[in-house]
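Nothing in this text is a laboratory measurement; each read-out follows from the coordinates by a stated rule. Quick caveat: nothing in here was measured; it's all calculated off a predicted structure. Heads up, the Cβs are rebuilt from the backbone with ideal geometry, glycines too, and the neighbour counts pull from every protein chain shown.
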Amino acid sequence: MSHHDHHEHGPITRPGGTADDPGHDLDHSHGGHEEHHGGLGTYLAVFLALCFLTSMSFLTFTSYWPWRDQPQVGWAFMMAVSCTKAMLVILFFMHVLWEANWKYVLTIPAAMMAVFLAIMLIPDIGMRNRMISQERAVHMARPADVSVLERAGEQRGVESPAH
């Protein structure tokens with residue numbers, strides 16, 4: 001095995017070099033620029049942003065929330081906050097922000113498929129009560145049934161058990 005063959009194996013640390021190549025210094029720069037994966041300040045800023053967003057979600061359950069009579073507004077707000085928090089965690093704590101551009105090859109088709117599947121399920125969810133069997137109709141929960149069960153549970157909690 002020649003000296004040149006020995007350098008064909010091993011991890012490539014930069015273009016034209018290998019880990020066991022004594023002719024190349026093994027700094028971690030790639031093409032003259034250093035990779036920057038944030039720092040303590042970046043992580044603390046993201047942590048504070050996550051804490052702030054969590055408190056904003058909590059705000060929807062307080063008397064300060066201006067749309068108390070419209071729960072859909074609170075749900076939409078909490079979903080937006082949750083998606084923002086997930087994006088921050090993925091980008092910074094999972095280091096996706098600093099990954100190579102191949103991340104788009106993996107994430108964009110998966111996101112498109114998720115949206116497509118959600119849209120395809122909308123008719124099933126919206127029309128789930130139109131054509132059902134008699135047996136399923138008998139055993140389905142209805143809002144009136146739920147209120148009856150809640151009242152029965154409250155009455156059991158008030159009464160002392162006989163045994």
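Quick one: check the C-alpha center-to-center distance for region 76-103 versus region 122-155, whole angstrom.
Centre-to-centre (Cα) distance: 37 Å.
How many nm is it between the label spots at Phe61 and Tyr43, if each spot is 7 Å from the Cα in line with the beta carbon?
2.9
Given the Cα-Cα distance of Arg68 and Ser82 and 0.36 nm per residue of separation, how much length would full extension add, in nm?
Values: separation 14, 0.36 × 14 = 5.04 nm, distance 1.93 nm.
Gain in length upon complete extension: 3.1 nm.
What fraction, in whole percent, of alpha-carbon pairs in region 59-163 exceed 17 Å separation? Kindly include the intermediate steps, with their values, before the conclusion.
Values: 4262 of 5460 pairs.
Summing the P(r) of region 59-163 above 17 Å gives 78 percent of all pairs.
Among rounded, prolate and oblate, which fits region 101-156 when a ≥ b ≥ c are the square roots of the eigenvalues of its C-alpha gyration tensor, a/c under 1.5 means rounded, and a/b larger than b/c means prolate?
Oblate, since a/c reaches 1.5 and b/c is not below a/b.
What is the distance, in nm, between label points placed 7 Å from the Cα along the Cα-to-Cβ direction at Phe116 and at Trp75?
Using points 7 Å along Cα→Cβ, the separation is 2.7 nm.
Would you work out the charge dipole size for region 101-156 about its Cα centre, treating the Cβ of every Lys and Arg as +1 and the Cβ of every Asp and Glu as -1, and quote it to the nearest 20 debye? Please report the intermediate quantities before stating the final value.
Numbers: 7 positive and 5 negative charges, 17 e Å.
The dipole of region 101-156 has a size of about 80 debye.
Could you work out Rg/(2.2 N^0.38 Å) for region 36-99, with Rg from alpha carbons only? Could the numbers behind the result be given before it?
Numbers: Rg = 14.4 Å, N = 64, 2.2 N^0.38 = 10.7 Å.
Rounded to two decimals, the normalised Rg is 1.35.
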